[in-house]
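The values are calculated or read from the model by the stated rules, or taken from the named source; none is laboratory data. Worth saying up front: this structure is predicted, and the values here are computed from it rather than measured. In this analysis, Cβ positions are derived from the backbone assuming ideal geometry, glycine residues included, and neighbour counts consider all displayed protein chains. Calculation scope for accessible area: heavy atoms of the full protein, side chains included, ligands and nucleic acids excluded. Shrake-Rupley method; radii C 1.70, N 1.55, O 1.52, S 1.80 Å.
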Amino acid sequence: MTAAELALWLVPLAGALGAVTRFLLDWYVSVRGVLWANLAGSFLAGAATALLGRGSLHATDVMASGSVLGPAVLPAALIVLVGFTTALTTFSTVSVRSAEQVLDRQWGAAMRMWLTHLGGGLAAAVAGALVAWCLSGVTGLAT
Amino acid sequence: MSRSDPGGAPDHPGSPVPSITSSPSRRRHPGWRVILAVAVGGLVGSLLHTGTTRTLLSLAGASPAGALDRPLADTAVLVVANLVGSFLLGMLTARSARWNRPTWLATGLGVGVLGSFTTLSGVLVVWTVLLPHGDVTDPAGQLIIFGTAVLALAVQGLSGSAAALGGLYLGGMRERGLRS
């Protein structure tokens, strides 16, 4: 079994780990738990996709396009990391909680929730990409 | 948002059942059955996510290697998954607030399957991967990309709320009388 095939098997397991991590954050860190999961996941996803290159949203894309760097172990690990962040971050919970706020006539709170998750997540993803490029430049990993 | 629910479990007959998406600060261990349900749900949701997005992308005929039209194709595919997941979680939330289902089942389906099936990082990195590459180097072009990203994300937020609202309505929740 190659590293690429192994990665595709590990992605669902990483997804399970991501879901449990998000659940425990939400359970123990209270109302901000899902926000932390989304911010941390966006940071990691930004870093992983920056190293993998464009068009690397999906695991099989990377394998098909051959956009790999160095030995196959690193992109495989990054693909598993992307699978983890996809499950760690969530969209539906934010949708439902904002919809509940709309039902409560709390329009401002619903807007602020999306602003913090999408705006904060985008900032975290860009920060993750910048950190990854800086690190890969230092270590000479990037193309 | 803070609710004084000590346990979160429906073992107080008189009190309303907390929503599966509500997150009162709970210190008590959630129980291994719930954690296992979330893990299995997360695995299934991850598989569903990969399967759905791959199928939709190949149906749309998107090229595997990154072309410039790819962010919008990726966005469209992920938006479909996110809106379907938001709608279903809305229905599940409304239903589980009224029917006394086992906690582990609703949490496994909601937090596990639907939480993993939908993604926030995916719709964000679609835009960040455009940043370093030299296709668009002029400031005006970069401004257009940034504006498109902000607009696309705003539309996704609004439509996500609308989809969840539709799910809550169809699930029977007209107002939040049950909680807080």
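A few notes on this one:
- Those residues of the stretch A:1-38 which are over 21 Å from B:T107 (Cβ atoms), more than 9 Å from chain B (Cβ to nearest Cβ) and either surrounded by fewer than 24 Cβ atoms within 10 Å (Cβ to Cβ) or in contact with a Ser or Thr (Cβ under 7 Å, 6 or more places away or on another chain) (or both), in sequence order: A:M1, A:T2, A:A3, A:A4, A:E5, A:L6, A:W9, A:L10
- Applying a threshold of 7 Å to beta carbon distances and a minimum spacing of six or more residues, or different chains, the list of pairs starting in the stretch A:77-101 at a residue that is more than 25 Å from A:V11 (Cα to Cα) and open to solvent by 10 Å² or more (accessible area, probe 1.4 Å) and ending at one that is small (G, A, S) and assigned to a helix (DSSP H, G or I) reads A:Q101/A:A109; A:Q101/A:A110.
- Near pairs, Cβ below 9 angstrom, 6+ apart or cross-chain, from the stretch A:104-127 (closer than 14 Å to B:G160 by Cβ) to any residue that is open to solvent by less than 60 Å² (accessible area, probe 1.4 Å) and of a type in the set (D, E, K, R): A:A110/A:R97; A:A110/A:E100; A:A110/A:D104; A:M113/A:R97
- For the stretch B:83-104, the count of residues that are among the aliphatic types (A, V, I, L, M) and surrounded by fewer than 17 Cβ atoms within 10 Å (Cβ to Cβ) is zero.
Conditions (1) touching a Leu at 6+ places or on another chain (Cβ under 6 Å); (2) at pLDDT below 90; (3) closer than 18 Å to B:T93 by Cβ, marked per residue:
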{"position": "A:A109", "(1), (2), (3)": "no, no, yes"}
{"position": "A:A124", "(1), (2), (3)": "yes, no, no"}
{"position": "A:A132", "(1), (2), (3)": "yes, yes, no"}
{"position": "A:G140", "(1), (2), (3)": "no, yes, no"}
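- Failed item in (1) farther than 21 Å from A:L44 by Cβ; (2) modelled with pLDDT of 90 or more, with B:G112 passing the rest: (1)
- Residues in the stretch B:36-69 that are closer than 21 Å to A:T49 by Cα and at pLDDT below 85: B:R54, B:L57, B:S58, B:A62, B:S63, B:P64, B:A65, B:G66, B:A67, B:L68, B:D69.
- Output for the stretch B:105-117, where each listed residue is buried (at least 24 other Cβ atoms within 10 Å of the Cβ) and not small (G, A, S): B:T107, B:V111, B:V113, B:L114, B:F117
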